[in-house]
Amino acid sequence: MTPAPAEEEKKEALALYNAGLYAESLALCTRLLETARDTALEILAATNLFSLGKLEDAEVHFRDLARRMPDSSHIHSYLAKVLEQEGDDNAIAEYAAAVRLDPANQDALRSYAAGLVARNDERGALPALKHLWTSGKRPDDLRHLTAALTRSGRADEACALYTSERAGRVTSREYAEALCAAGRYREAADEARGLYNETRDPGILRVYLAAHAHADAAAAPAAYASSLKEVPDPGIYLDYTLLLRERGECLRALATVKKLIALDSHPRYRLLACELSAALGDHANALKEYETLVRDELEAPAVPEALRQVLRSYLRYISQQFQPEDARKRFLSFVPGDTNVVCLEETARMYRELGETDEAKSWYYRAYRADYLNGGLPYAEFLATGGDDRECEKVLLHILANVRKPADLSKVAAAVTENNAALQRMRRLTRQLIRRLEERRQTLSSNDRECLAAAYRCEAADALSRDDYAACMYNCLCGIDVLPAYSLTCHAEDFLTLINRTKELMLTFIPVITPALPEKTAGSGQTIQEMMDRMALSDPEQKIVTFLAMHKRASETDLRRLLDTRRVAGIINILIRKAKAQGVMLIEKKGMSTEGEVYEYCGP
């Protein structure tokens, strides 16, 4: 039996890592692993690869470790960090796996909660954040929990938690924002003022002024004006402008926003100046400023939402100032009818508001052809509103079949489930939505999971209407299973109502949950060629798989000779990633030898 690596050299490898000498530590780990397998050294080697920025190699190593040690919370946590750096959405699923395996893994739990918050999924992060606070009582955990509660619409709970749990009188921006959101403006102003006096942070000053404006409306303008002399912050200028406009002081508001534009010429601020000029009746300047802004936005790098806001405000303005035909001609003279999907959509919107339905439909269709996603969703909404369910479903099915990015799938799911009545009428669409969301179940946000639950609710209601009681029960249970905590529009009670109604109508007991049968192993029953075809392997990748299937094990040097290239390591890494995407384990790295890395075939 090969002796384990010397303990002193293992300690030296760890010391090199701790000193930031990752390349040297990796070289020592690699040399030690040539003589014996040691899990701790393998983890250290993979961690060194991560620290050196060799993310693809680090991912392959950590996936290999996770396959051999599937119950290790820390391995899943390390893998999650690699995926997070790569921008892979599956990182959140690996953090979740680490937490499930060991809820006491505080590092994984904090990373999991932070990952959810970074995705604007405060609802999903609340259970983890509450556990962190109750188990550790760390002040930063309390602040994060308070912020998440506030942003998820639970400001009163955040205030109660912060007041009852904190030790001593410690000011916090998160607590001030919670008080403001709960309508406790005087307390919020006092909290923020105390914190600003300590930190002199303009963000805190902005919170104070907003709370003070609600607590003492008469004194608010003077407070803003005084603060801006000391801190000319763009955010504070914006809040002051909006306050003045709300009070009907448009002239002062215009003067203030012009000072803001001198600091930052953001389109939102320029649009505000246009709207204030129009409100003051200065139509010559308003029209000039509007049309200059439209030109600038059309020439600037595309920011769809900013351009949409500018075009809508401009169209409202010219519709008020000109006859419908003149307003239309003016709008079309400025807005190109080419491939800019926002321009096409807003032109369609103009015709729709004018009551010219056929013309609106043609422009919506052009937007759909220009951008199947961002133009297709408004087109589908137009079709649904007009009662054309068949064409609407066809468009949405095309969109669902082609979206690839998780954010795009979320956008489509939200748009589809927003209209529950239309969803009830489009059965194929509901099933396709369920299928696409289920494919990404482990990485869905709370909003996505609620959309999936809503789709299951529609399926259950449809099954009940057809007297298919087993299907109704099944879809209800699926919906309850994916439903997130703190749901907003879809609730467990919705499914329980359907379940109770189903049980009242069932003539006999129909079991829905049955014992699960053992699953076949990945790739079972397939030939090597069938598997390679399914994975769409390149010629070099097929040669490697065929060679390893025949010889069972080969070194890097062997494969270099086979392919006549030195790029074997890169090809192997791509091959492993392709196999992983299919849920198949084909090749395993077995450590280093004098002829380079050793690979072993582990497929069918």
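The values are calculated or read from the model by the stated rules, or taken from the named source; none is laboratory data. None of these values were measured; they are calculated from a predicted model. Cβ sites come from the backbone with ideal geometry, for glycine too, and all protein chains shown count toward neighbours. Heads up: the accessible areas ignore ligands, DNA and RNA and are worked out on the full protein's heavy atoms, side chains in. Shrake-Rupley method; radii C 1.70, N 1.55, O 1.52, S 1.80 Å.
Here are D533, D558, D539: which of them is surrounded by 12 or more Cβ atoms within 10 Å (Cβ to Cβ) and modelled with pLDDT under 80?
D533
Only one of D88, D140 is without any contact (Cβ under 8 Å) to a residue 24 or more places away in the chain, closer than 21 Å to A181 by Cα and open to solvent by 30 Å² or more (accessible area, probe 1.4 Å); which?
D140
For the stretch 401-427, which residues satisfy the criterion of being closer than 26 Å to L307 by Cα and open to solvent by less than 20 Å² (accessible area, probe 1.4 Å)?
Correct list: V403, L409, V412, A413, V416.
So which pairs qualify, if the first residue must be in the stretch 430-443 and farther than 13 Å from A455 by Cβ and open to solvent by less than 80 Å² (accessible area, probe 1.4 Å), the second must be modelled with pLDDT of 90 or more and aromatic (F, W, Y), the Cβ gap must be under 6 Å, and the two must be at least 6 apart or on different chains?
Nothing qualifies.
Please find, among T357, T339, the residue that is open to solvent by 70 Å² or more (accessible area, probe 1.4 Å), touching a Gly at 6+ places or on another chain (Cβ under 8 Å) and in contact (Cβ under 8 Å) with a residue 24 or more places away in the chain.
Just a single option satisfies the conditions, and that option is T357.
What pairs come out if I take residues in the stretch 531-550 that are over 15 Å from A569 (Cα atoms) and pair them with residues that are buried (at least 17 other Cβ atoms within 10 Å of the Cβ) and among the hydroxyl-bearing types (S, T, Y) whose C-beta lies under 9 Å away, six or more apart or interchain?
F547/Y601; A549/Y601; M550/Y601
Residues that are under 24 Å from R67 (Cα atoms) and charged (D, E, K, R), at least 3 per element: which helices (runs of 4 or more DSSP H) completely within the stretch 529-598 meet that?
568-581
Are there any helices (runs of 4 or more DSSP H) wholly within the stretch 1-82 with 1 or more residues that are under 19 Å from D107 (Cβ atoms) and in contact (Cβ under 8 Å) with a residue 12 or more places away in the chain, and if so which?
Once the helices (runs of 4 or more DSSP H) in the stretch 1-82 are filtered for at least 1 residues that are under 19 Å from D107 (Cβ atoms) and in contact (Cβ under 8 Å) with a residue 12 or more places away in the chain, what remains is 7-18, 39-51, 55-68.
Specify which of the listed residues (L101, L55, L16) is at pLDDT 90 or above, surrounded by fewer than 22 Cβ atoms within 10 Å (Cβ to Cβ) and in contact with a Leu (Cβ under 7 Å, 6 or more places away or on another chain).
Only one candidate qualifies: L16.
Just give me the residues in the stretch 269-293 being closer than 17 Å to L243 by Cβ and of a type in the set (D, E, K, R), in sequence order.
Matches in the stretch 269-293: E275 only.
In this structure, is P234 within 30 Å of A176 (Cα to Cα), open to solvent by 40 Å² or more (accessible area, probe 1.4 Å) and in contact (Cβ under 8 Å) with a residue 12 or more places away in the chain?
yes
Can you name the residue in the stretch 381-400 that is touching a residue at least 12 places away in the same chain (Cβ under 8 Å) and closer than 20 Å to R435 by Cα and is also surrounded by the fewest Cβ atoms within 10 Å (Cβ to Cβ) among such residues?
H398
Select from the stretch 464-483 the residues that are part of a loop (DSSP other than H, G, I, E, B) and modelled with pLDDT under 95 and write down the one among them that is least open to solvent (accessible area, probe 1.4 Å).
D468
Inspect all residues belonging to the stretch 85-97 and state whether any of them is over 21 Å from N573 (Cα atoms), under 16 Å from the mean Cα position of the chain (by Cα) and of a type in the set (G, A, S).
Scanning the stretch 85-97, I find at least one residue that is over 21 Å from N573 (Cα atoms), under 16 Å from the mean Cα position of the chain (by Cα) and of a type in the set (G, A, S), so the answer is yes.
Among the residues of the stretch 175-211, count how many are buried (at least 21 other Cβ atoms within 10 Å of the Cβ) and either polar (S, T, N, Q) or over 20 Å from A147 (Cα atoms) (or both).
Going through the stretch 175-211 one residue at a time, the tally reaches 0.
Quick check, is A384 aliphatic (A, V, I, L, M), assigned to a helix (DSSP H, G or I), at pLDDT below 95 and touching a Cys at 6+ places or on another chain (Cβ under 8 Å)?
Yes; evaluated as a whole, the condition is true for this residue.
Would you check if Y240 is part of a helix (DSSP H, G or I), among the hydroxyl-bearing types (S, T, Y) and either closer than 29 Å to L311 by Cβ or at pLDDT below 95 (or both)?
Yes, satisfied.
Residues in the stretch 143-165 that are among the β-branched types (V, I, T) and surrounded by fewer than 23 Cβ atoms within 10 Å (Cβ to Cβ): how many?
1
Going by the conditions given, is E450 closer than 30 Å to A148 by Cα, among the acidic types (D, E) and more than 27 Å from the chain's Cα centre (by Cα)?
Spelling it out, it is not the case that E450 is closer than 30 Å to A148 by Cα, among the acidic types (D, E) and more than 27 Å from the chain's Cα centre (by Cα).
From the list T39, T47, pick out the single residue that is under 29 Å from G596 (Cβ atoms), surrounded by fewer than 15 Cβ atoms within 10 Å (Cβ to Cβ) and among the hydroxyl-bearing types (S, T, Y).
Step by step, each of T39, T47 is checked, and only T39 is under 29 Å from G596 (Cβ atoms), surrounded by fewer than 15 Cβ atoms within 10 Å (Cβ to Cβ) and among the hydroxyl-bearing types (S, T, Y).
Mind counting the residues in the stretch 121-137 that are in contact (Cβ under 8 Å) with a residue 40 or more places away in the chain and surrounded by fewer than 19 Cβ atoms within 10 Å (Cβ to Cβ)?
Residues in the stretch 121-137 being in contact (Cβ under 8 Å) with a residue 40 or more places away in the chain and surrounded by fewer than 19 Cβ atoms within 10 Å (Cβ to Cβ): 1 in total.
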